[in-house]
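The values are calculated or read from the model by the stated rules, or taken from the named source; none is laboratory data. What you are looking at is a predicted structure, and each value in this text was computed from that prediction instead of being measured. Backbone-built Cβ (ideal geometry, glycine too); neighbour counts: all protein chains shown. Calculation scope for accessible area: heavy atoms of the full protein, side chains included, ligands and nucleic acids excluded. Shrake-Rupley method; radii C 1.70, N 1.55, O 1.52, S 1.80 Å.
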Amino acid sequence: MIKNALCIDVDDLVGSCQEAGLISMNEKQYHVDKETEYLLDSLEKLNIQATFFIPGFVTSHFPNLVQEISKRNHEIASHGTQHIYVKQFSPQEFAEDIKKSKNRLEDLSGKKIDIYKAPIWGIFSDTLWALDVLVEQGFRYDNTLMPKVLRPLGKSVHEPVYFENGLISIPPTHGTLGRFLIPLYGGFYNAYIPERLQFYFFSRMNQKGIPFNFYFHPFEFRSNHSLRERYQLNFRTGLYSHHAGRYESLLPRLSQKFKLTTLSQAYSEVWNKG
């Protein structure tokens, strides 16, 4: 049975909205620690190991949570220090951001960190310099680049991409429907796509020997903020998180039909080549 990657972006809903400037910095109802602990217990019951992309907000506010994730033998990866687009950094600032993230995660987990995902999928055609910076700072694998970045480069949007600088990119999963690509990489996107359609595309990929990768945030599994509280924070925040809790019911069904594991396990052939 082919292995597929389950990824968790360990963002706090309130913390991320603060960094994006959507809500006041006075709001202190952070719940990512409780939400992630609940998710960790659920993954243990389902016998699933996942890759956790951990941002600077979590390493600063909840260092014990990083240690707990590592203790449970999940894969630790970097989600940067600041939850902003890469274009908001200069190359030097970006290098400092990811170096700080990598060092802090290695200190907390005791493990080598060489996998990265940019916040907000934020590496675009005008910030491809970031790929060289990632390699310079010791990263080997990326899970950021979207089709609008890869297609102009003549790269695959479905399978691992090897760059000349040594970086290996795992594109977020998309399904093909004629000439169109359908985002199937989880989070906000899959929450509103019929489950049977998702499973159809995933099955088709696996039949071709291609793993899929699928992500969500802890608050999308179970949120400690009520729907009303999320809309009270900010209308856009409420709308974005309207589906919170969706994945607590979907994940067991997904794991029954497909084998889910870490990025390094799902793409073990790529890792071995790397």
**Report entry** Set Lys100/Lys257; Lys87/Lys155; Lys112/Lys148; Lys3/Lys102 screened for pairs whose C-alpha atoms are more than 29 Å apart
**Finding:** Lys100/Lys257; Lys112/Lys148
Report task. Could you do me a favour and compute the accessible area per residue for the chain, 1.4 Å probe, result in Å²? Result -> 45 Å²
Report summary line: In whole angstrom, largest first, the equivalent ellipsoid semi-axes that the Cα gyration tensor gives for segment 218-274 are 33, 15, 7
Report task. Find out how many positive minus negative residues lie around Pro211, taking Lys and Arg as positive, Asp and Glu as negative, among other residues whose Cβ is under 11 Å from that of Pro211. Result -> +1
**Report entry** Fraction of accessible area attributable to carbon and sulfur, the chain (%, probe 1.4 Å)
**Finding:** 50 percent
Report task. Quick one: among Ser156, Ser226, Ser169, which has the greatest mean-square fluctuation in a GNM of the chain with alpha-carbon springs under 10 angstrom? Result -> Ser226
Report summary line: Expressed to two decimals, segment 1-95 has a Cα Rg over Rh, using the Kirkwood radius, of 1.01
Query raised in the report: Per the Debye formula with a single identical scatterer at each Cα and no solvent contribution, what log10 I(q)/I(0) holds for segment 147-231 at q = 0.11, 0.13, 0.15, 0.16 Å⁻¹?
Result: -0.40, -0.53, -0.67, -0.73
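Output needed for the chain: three equivalent-ellipsoid semi-axes, defined as square roots of 5 times the C-alpha gyration tensor eigenvalues, in descending order, whole Å.
Computed over the chain, the values are 25, 23, 19 Å.
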Report task. Would you please name the trypsin sites (Lys or Arg not before Pro) within segment 102-205 that are DSSP coil residues with at most 10 other C-beta atoms within 10 Å of their C-beta? Result -> Arg179
Query - Where the Cα pairs of segment 110-266 fall when distances are cut into 10 Å bins, in % - result: 9, 34, 34, 21, 2
Report summary line: Only helices counted: for the chain, with every DSSP H run of 4 or more residues adding -39500 (n - 2.57) and the sum spread over all residues, [θ] at 222 nm is -12500 deg cm²/dmol
Query - Summed side-chain charge close to Glu93 - residues other than Glu93 whose Cβ falls under 13 Å, Lys, Arg +1, Asp, Glu -1 - result: +1
Query raised in the report: Once both labels are modelled 7 Å past Cα along the beta-carbon direction, what's the Arg140-Tyr85 spacing in nm?
Result: 3.2 nm
Report task. Could you let me know the centre-to-centre spacing of segment 79-127 and segment 161-195, using Cα atoms, in angstrom? Result -> 21 Å
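Quick one: net charge of Phe124's neighbours, Cβ under 12 Å, K/R +1, D/E -1?
+1
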Query raised in the report: What is the chain's relative contact order, in percent, from Cα pairs under 8 angstrom and six or more apart in sequence?
Result: 25 percent
